[in-house]
Structures are given as C-alpha cells and as structure tokens.
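Trainee: Quick one: this structure, given as structure tokens, is what I'll be asking you about.
Each reported figure results from applying straightforward, stated rules to the coordinates on display, with no laboratory input. Computed from a prediction, not measured in an experiment: that's the story for all the values here. All Cβ positions, glycine included, derive from the backbone under ideal geometry; neighbour counts span all protein chains shown.
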Amino acid sequence: MLTNNSSNKELLEVAESNFKNVSRRNFLGYIGGASALLFTAAACKKDEMPATNNGVDLGSGDVGVLNYAYALEQIEAAFYTKIFESPYSGISASESALLGDIRDHEVAHREFFKAALAAKAIPKLELDFSTINFGSRDGVLGAAKAFEDLGVSAYNGAGKLITSPDYLLLAGKIVSVEARHAAFIRDLIMPGTFADGLDANGLDMSRSPSEVFAIAGTYVKTKLNISNLPKN
Amino acid sequence: MKIENIINQIESVDPEIYQRLDGRRNAMKSFVKFSGKIALASLPIAFGSMLNKAYGSPTGTDDAITDVLNFALTLEYIESEFYKAGYSAATGGTLAIPAGAPLGAIKTIRDHEIAHVSFLKAAITSLGATPVSFTAASFDFTAKGAFANVFTDYALFLAVAQTFEDTGVRAYKGQAGNLISNNDILTAALNIHSVEARHASHIRQMRRANGGLIPAGVTVKPWITLNQSGIGTTAVQASYNGEEATTQAGVNIVNIGGFTISANAASECFDEPLTKDQVVAIVTPFFA
C-alpha cells in the first residue's frame, strides 16, 4: 500500500510514461497492469492525491501566468548565476560587469515573483544546463541570446493572457528590461544585430506558453503542467 | 487566409452578416483597403476588428483603443522623422555618424520606426478611425533651440535618440492597460514596445562607445540606472524621473530574498511607465 504523495506521483508518472510507449497491439495486454497501479493510487486518501498526474501545475488565471513567468525567471537566474561560478576565459571587465548586472536583474525578477506569489508559487525547479558549454564565450553568449529572446517573446505572448491591468503593467516593466538584455547580448555576439528577427512590420516576436516550453523544456528536469494556463 | 470563406461561413449561421457589415460601411471599406496594404500576419487583427465593428462592442472601447494607437502613431512619427533627418544629415556630410556599424544601426532603427508608422496607420484605419498625420515639417528637433546642434553634433544626436527611445518604452508601457480588452492590438503594441527597448539598449551602447555628453563618474549602460539619464543636461530629466523605483507591488527589490541586489540593480530590472500627459509634456517642445 502506498502511503505518501510523492511515491504515488512517481508511480503515476512511471505508469504514464510506460503507457505512452505501449504500441496499439500491446494495449489490451497492458491495460490490466496500468489500471492496477491507478487503482492502488486511487485507494489512498483523497487529499493526498496530486491535483494532476502530469507534473507541477502552474495553475490557472493570472496566478498561472505569474507562475509561468516565475518558471522562466528561475531558468534565467540560474543560468546567469552559473556563468559566474566559473566565468569563461577571456571575459572582459566590461562584459563581466554587465553580465553581472543581468544576473542580478534575473535573480531579482525570480525573487520578486516568488514573493508576490507567496503560497501560490510553484516550487524551485530542477534545471539541467549540461548542453551549454560554460567554458566558452560563444557557448555562454549563444545560450544567453536564446534565453533572452525567448523571454521577450514569452512575456509578449503572455500579455493577452493576463486579466489584471496591474499584473499586465508588471509584466511590461520586466519585458522591456529583458529586451534591453537581449539586444545587448546580441550586440556582444555580432554588433548591430540587436533587433534581428523582427517581422516585416518591425514587430518583435511573441510566443505561447506551449511554444516557449517546447524550447525551454530542454533545460527543465521538473515535469511541468501548463494545461491550466489561460489560452487567450 | 480566405476571408471570403470565413464570411460565407458566418453567413450560413448569421444571414444578416452582410447587412451588419454594410451598416458599417467604413469598417468594410477600410478593411479591404487595409488588408491590401499590410503583411499577411496582421490580417487577423484587421479581420477581428472588422467583426468587432459589425457586431458592435461596448461603447467607447474602440475609441479608447484608437486614441491609444493614434498616440503611439504620433510617437512613431517623431522617431521616424528624427532618424530620417539624422540619417540624411549623415549621408549629406553634416552629421558625423561613423560609417559602418553606427550608421548601419541608425538606418536599421529608422526603418523599424517607418515600419511602425505604416503598421499603426493601417491598424487605426482598420478600426474605422482616422490616423493622425505628420510630416518632417511638423517637427522641430532642436526643441526650440535647446538642442540646436542635434543634426550636426553626433553625441547630441545620440543623446536625443536615447531619450526618444527610453521615453517610447515608458509611453507604450503606460498604455498597455488601455488595450487589455483587445488581445490582438495589445499583443501588437507589446511587440512594438520590446523593439523600442532593443533600440534603447543599442543607442545606449553607441553613446558609451562615443563617450560624448556623459557626465563624469556616470557609466551609460543598456538599462536605466536609478533616474540617471546619463546625459549632461537637465533638459531630458522628465524622461527619467520615476525610474529610480526599487519597490514593486509593495515588494522591496533591494536585497530581496537574501540575495545581494543593490538599489542600482533593483531600479534597473524594472522599467517604469509614463502617463500620456507626462509623455505629451516631454514631446511637446519637439513640435514645430
């Protein structure tokens, strides 16, 4: 008999991922095992059941959007913090100072959302930056550019999901700083590319949460459930 | 996107669609004009707006939105005419913007501002309203003599450019809440807002490289530190007042969560809005 929430969750996740791997032909043979697992879980106390078996729930409404922003800021803050654990060779004083500013900005954003969301905040995410070469300037700046442009497009796409004008303004206060970062990083890589990637109308990009996590997911080990976020 | 098919489909459930649209002749007429002019990506905005007209919307909503768009269009005219004049002065040999990356960047930014003017004009027309219209002759970029050498002194040109960009960012930010009822227009405005911030970031780096008109002891960074303009004149201070905020939604950002966050960083990491009245006061001296 399972007694705690986390083992239920793990089992459900195992069941779910196994489920995905089952071919159509084996489905009938498999379903018995899966329902036995689900039955065992369902037999536990109701309030110990996870709200969903699909990972950390960002939530719905404006809280969901703020948690979405909190998740992105966690990624950015952790990334810039890691740069300074062992800066790439040949980093200039001015580059170091300004990248240090960006780290402070992202840490402040992360901590702001954590404080603002309080009890509604998602937990600290487990991240994985193993695909990034922190020893190389190209590796670090390339990843920084990707994170900043992604952040800009995420906030731009999230604006319409927010219902409170106050939260919309807060998102606006942050996104322009992300855009300043993005332009700076782009210029470090190749001077004059601060706004490459706009459309023919001179507009920046916006992305939906699912588009954003399709990209950011590479760096997030914690399973996230974005299905309750507002859709429009 | 087959707009005709969509209208036909609506007709099958709402036989009065044409009558509704016809009752709003301007909406239909301007939609056809608008859709012929602009990139395909913007069509959903135009179409959504047309339907909004046909089916009606809460009284005043559209007016409020077109007011914001005309305000934004005015700012984009200021910027586009400013960069057009600056670029011409440079190629004409009277303004020393260094050839290569610096002149290239000014041309890039000029072209974005021109594109923003076209986009906003089309968006306003699609809403059945009349876009404001300005020409080079509408403006006095010396601001009645305060910046007399703006098109002959490169450092001053960059300083005014920085002020326009930082002000633009704050102006769009201040209007976002007024667009909250129209998802497509809000998203478009946000997509312009972040471009203005990219421009500001780059112009600030150009100023740092040039070094002119920067007060002693001040480092110009891509972001705004406290309420520092980084420009050796008080004439632009109104564009920076309020940026020194270090508290957001009641949360003190300095050393938040036990992390070392200076007041400088706390002010830099959030850009602040300006009201329409504040922006109008800032740009008024630039009208001829």
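Trainee: How would you order A:167-180, A:103-116, B:229-242, B:84-97 from highest to lowest mean count of nearby Cβ atoms within 10 Å? Before the final figure, lay out the partial values.
Mentor: Values: A:167-180: 25.8, A:103-116: 23.6, B:229-242: 17.9, B:84-97: 16.1.
Taking the mean over residues of other Cβ atoms within 10 Å, the ranking is A:167-180, A:103-116, B:229-242, B:84-97.
Trainee: Give the average, rounded to an integer, of partner chain Cβ atoms located within 10 angstrom of each Cβ in A:214-226.
Mentor: Numbers: counts 0, 0, 0, 0, 0, 0, 0, 0, 0, 0, 0, 0, 0.
Neighbouring Cβ atoms belonging to other protein chains average 0 per residue here.
Trainee: List the GluC sites (Glu not before Pro) within region B:175-274 that fall in a DSSP loop (any state other than H, G, I, E or B) and whose Cβ has at most 15 other Cβ atoms within 10 Å. Each step should come with its number before you reach the end.
Mentor: Details: sites: B:196, B:243, B:244, B:268; in loops: B:243, B:244.
Sites meeting the loop and neighbour criteria: none at all.
Trainee: So what is the relative contact order for region A:100-209, in percent, with contacts set as C-alpha pairs under 8 Å and at least six apart?
Mentor: Taking the mean separation of contacting Cα pairs over the length of region A:100-209, I get 27 percent.
Trainee: Moving to a separate point now. Tabulate in residue order the Karplus-calculated ³J(HN,Hα) for region A:107-114, using 6.51 cos²θ - 1.76 cosθ + 1.60 with θ = phi - 60°, rounded to whole Hz; enter x for Gly and Pro.
Mentor: 5, 5, 4, 4, 5, 4, 5, 4
Trainee: Report, as an integer, the average count of C-beta atoms from other chains found within 10 Å of each Cβ along B:252-263. Provide the component values of the computation, followed by the final result.
Mentor: On the way: counts 2, 7, 1, 2, 8, 7, 1, 8, 2, 6, 3, 0.
Counting other chains' Cβ atoms within 10 Å and averaging over B:252-263 gives 4.
Trainee: While we're on this one: Multiplying the sequence separation of residue A:164 and residue A:86 by 0.36 nm and subtracting their Cα-Cα distance, what value in nm do you get? Write out the running numbers ahead of the final one.
Mentor: On the way: separation 78, 0.36 × 78 = 28.08 nm, distance 4.08 nm.
Extra length available between residue A:164 and residue A:86 comes to 24.0 nm.
Trainee: For the residues B:206, A:205, A:190, what sequence is obtained by ranking on other C-beta atoms within 10 Å, fewest first?
Mentor: Working: B:206 23, A:205 17, A:190 12.
Ascending number of Cβ neighbours within 10 Å: A:190, A:205, B:206.
Trainee: Suppose each label sits 7 Å from its Cα in the direction of the beta carbon; what would the residue B:252-residue A:215 distance come out to in nanometres?
Mentor: 3.7
Trainee: A further question follows. Between region B:221-257 and region A:63-102, what is the separation of their alpha carbon centroids in Å?
Mentor: So the two Cα centres are separated by 21 Å.
Trainee: Now, a different point. Please give the average number of partner chain Cβ atoms lying within 10 Å of the Cβ of each residue in B:162-175, rounded to a whole number. Let's see the in-between values first.
Mentor: Details: counts 0, 0, 0, 0, 2, 0, 1, 6, 3, 0, 2, 7, 2, 1.
That works out to 2 on average.
Trainee: Using a cut-off of under 12 Å, list every residue of region B:181-198 whose amide N is near the label point 7 Å from the Cα of residue B:64 along the Cα-to-beta-carbon line.
Mentor: Backbone N within reach: B:181-182.
Trainee: In region A:56-225, if the dipole is taken from +1 on Lys/Arg beta carbons and -1 on Asp/Glu beta carbons about the Cα centre, which of A:164, A:132, A:105 is farthest to the positive end?
Mentor: A:164
Trainee: Next question. Cα centroids of region A:150-205 and region B:103-125: how far apart, whole angstrom?
Mentor: If you average the Cα positions of each part, the centres end up 17 Å apart.
Trainee: Related question: May I ask you to derive the FRET efficiency for residue A:129 and residue B:218 from their Cβ-Cβ distance with R0 = 35 Å, giving the value to the nearest 0.05?
Mentor: Numbers: r = 35 Å, r/R0 = 1.00.
Efficiency computed from Cβ-Cβ geometry: 0.50.
Trainee: Got a sec to turn the phi values of region B:204-217 into Karplus ³J(HN,Hα) couplings, 6.51 cos²θ - 1.76 cosθ + 1.60 with θ = phi - 60°, whole Hz, x for Gly and Pro?
Mentor: 5, 5, 5, 5, 4, 5, 6, x, x, 6, 9, x, 4, x
Trainee: Long-range amide H contacts for residue A:226: which residues qualify at under 5 Å (H placed 1.01 Å from N, peptide plane, sequence gap of 5 or more or a different chain)?
Mentor: For residue A:226, no residues qualify.
Trainee: Give the dimensionless ratio obtained when the Cα radius of gyration of region A:56-225 is divided by 2.2 N^0.38 Å.
Mentor: Working: Rg = 15.6 Å, N = 170, 2.2 N^0.38 = 15.5 Å.
That works out to 1.00 for region A:56-225.
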